[in-house]
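These notes are about the structure you will find just below.
What follows draws every value from the coordinates through simple rules; no lab data is involved. From a predicted model like this one, the values you see are computed outputs, not experimental measurements. Ideal geometry is used to build each Cβ from the backbone, glycine not excepted, and the neighbour counts take in all protein chains shown.
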Amino acid sequence: MIKFIFRGVLRDRTRTLFPFLTVAIGVGLAVFLDAYLRGTTDSMFNTTARLVCGHLMVTTSAGAHAGEYATPELALLDVTPRQQELENSYPEVVWTPRIRFGGIIDIPDSTGMTRAQVPVSGMAVDLSPGGIEHKLLRLDRILVRGKTPRNTKQILLSEQLSQRLGLNPGDRLTLITMTADGGMAIADFTLAGTIRFGITALDRSVLLDSIADLRQTLGLPDGATEILGFFKNGVYNDRRAINISRHYNARHTHPDEFSPLLRPLREASGMGQLIDIVANATGLILTIFIIAMAVVLWNAGLINSLRRYNEIGIRLALGESSRDIYLSLLAEAFFIGLLGSTAGTLLGLGAGFYMQRVGLNISGMMRNATVLIDDVLRARIAPVTFFIGFIPGLFATLLGNAISGLAVFRRQTAQLTKEFSE
Amino acid sequence: MADEYIIETFDLIKRYPMGRQELVALKKVNLKFRRGEFSGVIGPSGSGKTTLLNIIGSLDTPSSGSVVVLGEKVETLTPYRSAQLRRRHIGFIFQTFNLLPVYTVFENVEFPLLILKVPPAERRQRVMAALEWVGLADREKSRPNQLSGGESQRVAIARAIVKQPAIVLADEPTANLDAENSYHILDTMVKINQELGTTFIFSTHDEKVIRYLRRKIKLLDGAVVADKHAQPSGRET
C-alpha cells in the first residue's frame, strides 16, 4: 500500500510540487538563517572575547567596578600563582594575562623633536612566538607590515594610525603612560610592525606591546589588569561560564577591592541581554517558521483535499476506512516533508557553506562604528544546523496535512453515489 | 430458507430533512434478494433507486426499518464495520466510472485487493483475471485518460469484481455510454453473473439495461409498485 501511495505522490506533480517547494524553501531559509545567525553572533561574541574580556575574565573587584576605565592601578598582583590555580581548577579553559592601558605616543622628527603626539589604546600581552596570544589575536593574519616583536622594547601599532603618522617598521617612538602607583612612565620603543584587526573601532588607535616589557615600564612585576580565560574548544558556553564564575568566586571571598573576581562574558562585556536574545532568537525564528509553514501547508492540504475530493470518495466507496485514508494522507505528507526537508537542508547548507567560506564584507558600513565585530560576517555551520530545519519542516508538513486531512472524517458516504453521478 | 437471501429489507424508510419539512425517499420497502440474482431497481429520477442502493451498499443508513446484508444489520454498523462490509463483499459501479486518474488500469483494478491486503503474487493473478473478464488485459499499463468511455467502464467493472464480491451494485452504469458500449458491458456483466454467481443489482431507467434484467423492481415515489421476474430479452436486434 505504501508503494502504491508513493507511486501516486510521484506521478501527481500538482499534489506534490507546491508542498515540496514550500517545505524546501522554508527549511532552506531556516537552515541558512540558523547558520548565519550563529556565525554573526559567534563573530560578535568571539571578537569581544578575543579582544576584550575572554570567555571568562578575572580582575580585581575594583577593576571590575571600573570596567573599561580600569587603569593599571587596579591591576591584579601575583598573577602567576593565580593563573596556575585557574589552570588546575578549570582544565577545559586556557588562561592568559593581559594589561590594558591608555597613553600617548610621541613621534620624533629627524632632530629628535616631537613631530606628532597621538593617544593610543594599549594592550600588553604575551607576544612570545607560539604563545596562546598569537592564536587569539591572529597575529600572523593581522600583521600588515614588518614582523612580530622578537626582542624587548618592540611594539606593534595600528596600520591605519601608522599610515596617518607616516610611521614605518623600524621607526622609533616614545610611549607616555601612567605607572601602577600613579606616576608618569616614559619608555622608548621601536615599531616592529603594523597590524590591522579588521575591526574599525580597534584599528583607529591600537598599540600592542609585550606584557613583560610593559610590566617593567609600569613597575608592575607579575601584575595584569586581567587574566582572560578561553574555552579550549573555542565556543562560548554560557552555562558553564556562569558555573565556573560561581565556583571560583565562592572560593575567593572579597574582603577588599583588590581581591580577584571572575566574571563570565555575559557580565564582563555587558552582553548578557544580547546572549539571552540570541539564545531565544533561534527558537523564536523556528517557532514562527513552523507556524507559518504549517498554515501554508494546511491551506495547500485543503486545496489538495478539494482537488482529490473525488478520489477520496472512491476510496471510501471501495471500502477503505476514513482512518486508513487519513493515515495514508499523513504518510504522503511524511514522504513529501522528507523530500522537501532534505532538499531544503541541502539548499540551506549550501548557502551557509558559501557564507562560511566567502562571507559578507561589511567594512564599508562599519567605518564610524564602535562595535567590536569582524569586518567580514560569516555563517557558521554547526552540527545542529544539519537538522534544525529538517525536523520542523517534517513536523510542519505533517501538522498542516493532519489538520486539513480531518475533512476525511466529515465526508458523508451517503452522498458519494450522487456525487459520482454529477 | 431464510439464508438463501443475501439482502433483505424490512419496512425500510428513508427520510431526508428539507428545510422544515421532510422528504421521504423510501416508504416501507420490503425486498429480498437471492444470491446470484441479476436484478434492477427501475423508475424515474427521484423515485428512490439510488437511495435504496446506497443503503444496501452500507453507504447510508435507514431512518427506520431494517436492512440485512449478508447477515449484517446495516443500521447497526459502525462506519468502520460498514467500510469493512463494502471492502469485502460489495463492488460498486458508478455512472461516471470514477477511476483514479494517476494510476494505470492495472493499479486501479488492484486497489481493492491492496485494501484487503492480498499478497502481491495473488494480486497480480487476480487483477489479470479480472482484466481478462472485461477484455482489457492488453491495456493494463494504460492510464484512464487513454481509455474510451466504454473501456473506462469495463475497468470499473473489473475493479468491482476483482475481489469476487457477493454483490455488485451498479448505479446507472450505461448512462454515459453509447449503445454498442452499453451492450458490451451488459454482456460482460451477464457473463460474470452466470459464471461467478455474483449478485448484480442495478439502478437504472435505461431500456437497454432493463432488457437484460431477470428481475425488475419498479419504484415510484419511494414505494415498490412492481416486482416482477422475467426472461431477459437481451440485446435489441
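Put +1 on the Cβ of each Lys and Arg and -1 on the Cβ of each Asp and Glu in the protein assembly as shown; which of B:175, A:359, B:142 then has its Cα farthest toward the positive end of the dipole? Of the listed residues, the answer is B:175. The charge dipole of chain A, taken about its Cα centre with unit charges on the Cβ of Lys, Arg, Asp and Glu (plus for the first two, minus for the last two), comes to roughly 1820 debye.
The helix-only estimate of mean residue ellipticity at 222 nm for chain B, built from DSSP H runs of length n ≥ 4 each weighted as -39500 (n - 2.57), is -10500 deg cm²/dmol after division by the residue total. Here region A:56-233 is assigned +1 on the Cβ of each Lys and Arg and -1 on the Cβ of each Asp and Glu. Its dipole about the Cα centre then comes out at about 660 debye.
Kirkwood hydrodynamic radius of region A:64-117, from the reciprocal of the average inverse Cα-Cα distance over all distinct pairs: 14.6 Å. With equal scatterers on the alpha carbons only and no solvent term, can you work out the Debye log10 of I(q)/I(0) for chain A at 0.06, 0.12, 0.14 1/Å? Here log10 of I(q) over I(0) equals -0.41, -0.96, -1.18.
Helix A:322-357 and the longest principal axis of the Cα set of chain A meet at an angle near 30°. The magnitude of the dipole of region A:47-106, with charges of +1 and -1 set on the Cβ of Lys/Arg and Asp/Glu and taken from the Cα centre, is near 120 debye.
What is the helix-to-structure angle for B:179-196, meaning the angle in degrees between its Cα long axis and the longest Cα principal axis of chain B, kept from 0 to 90 and rounded to the nearest 10? Roughly 80 degrees between the two axes.
Cα centroid separation, region B:142-204 to region A:63-115: 94 Å. The label point for residue B:187 and the one for residue B:226, both projected 7 Å from the Cα toward the Cβ, are 2.8 nm apart.
Model label points for residue B:179 and residue B:137, set 7 angstrom from Cα along the Cα-to-Cβ axis, are 3.2 nm apart.
Sites listed here are trypsin sites (Lys or Arg not before Pro) in region B:134-163 whose DSSP assignment is loop and whose Cβ has at most 11 other Cβ atoms within 10 Å: B:141.
When only Cα pairs below 8 angstrom with a gap of at least 6 residues are kept, chain A shows a relative contact order of 28 percent. Return a whole-number percent for the relative contact order of region B:2-229, with Cα pairs under 8 Å and 6 or more residues apart as the contact set. In percent, rounded to a whole number, it is 29.
Principal-axis analysis of the Cα atoms of chain A puts helix A:272-307 at an angle of about 20° to the longest axis. Beyond a 26 Å Cα-Cα separation, which of these cross-linked pairs lie in this structure: B:49/B:208; A:3/B:73; B:27/B:228; B:49/B:73; B:163/B:191; B:28/B:191? Result: A:3/B:73; B:28/B:191 exceed 26 Å. Projecting the Cα atoms of B:53, B:97, B:205 onto the dipole axis of region B:2-229, where Lys and Arg carry +1 and Asp and Glu carry -1 at the beta carbon, places B:53 farthest toward the positive end.
DSSP assigns beta bridges within the protein assembly as shown; of those with both partners inside it, close to 70 percent run antiparallel. Over region A:67-119, what is the mean sequence separation of C-alpha contacts under 8 Å (at least six apart), divided by residue count, expressed as relative contact order in percent? Relative contact order for region A:67-119 comes out at 27 percent. Loop-resident trypsin sites (Lys or Arg not before Pro) (DSSP state other than H, G, I, E or B) in region A:262-371 with no more than 10 further Cβ atoms inside 10 Å of their Cβ: A:367.
Computed with the Debye formula from one identical point scatterer per Cα of region B:53-94, without solvent, the log10 of I(q)/I(0) at q = 0.15, 0.22, 0.24 Å⁻¹ comes to -0.29, -0.64, -0.76. All Cα-Cα distances of chain B, cut into 5 Å bins from zero to the largest, leave 1, 7, 14, 18, 19, 16, 12, 8, 3, 1, 0, 0 percent in each bin in turn. Adding -39500 (n - 2.57) for every DSSP H run of four residues or longer, then dividing by how many residues chain A holds, sets the calculated 222 nm ellipticity at -16000 deg cm²/dmol. Sites listed here are trypsin sites (Lys or Arg not before Pro) in region B:1-75 whose DSSP assignment is loop and whose Cβ has at most 13 other Cβ atoms within 10 Å: B:20. Between the listed residues A:208, A:142, B:130, the Cα displaced farthest toward the positive end of the dipole of the protein assembly as shown, a dipole computed from Cβ unit charges relative to the Cα centre, is found at B:130. If you average 1/r over every pair of different alpha-carbon atoms in region A:56-233 and take one over that average, what Kirkwood value in Å do you get? Roughly 16.7 Å, rounded to one decimal. The alpha-carbon atoms of region B:1-106, seen along their principal axes, cover 45, 42, 29 angstrom, with the largest extent given first. Extension gain, residue A:284-residue A:134: 0.36 nm per intervening residue step, less the Cα-Cα distance, totals 50.2 nm.
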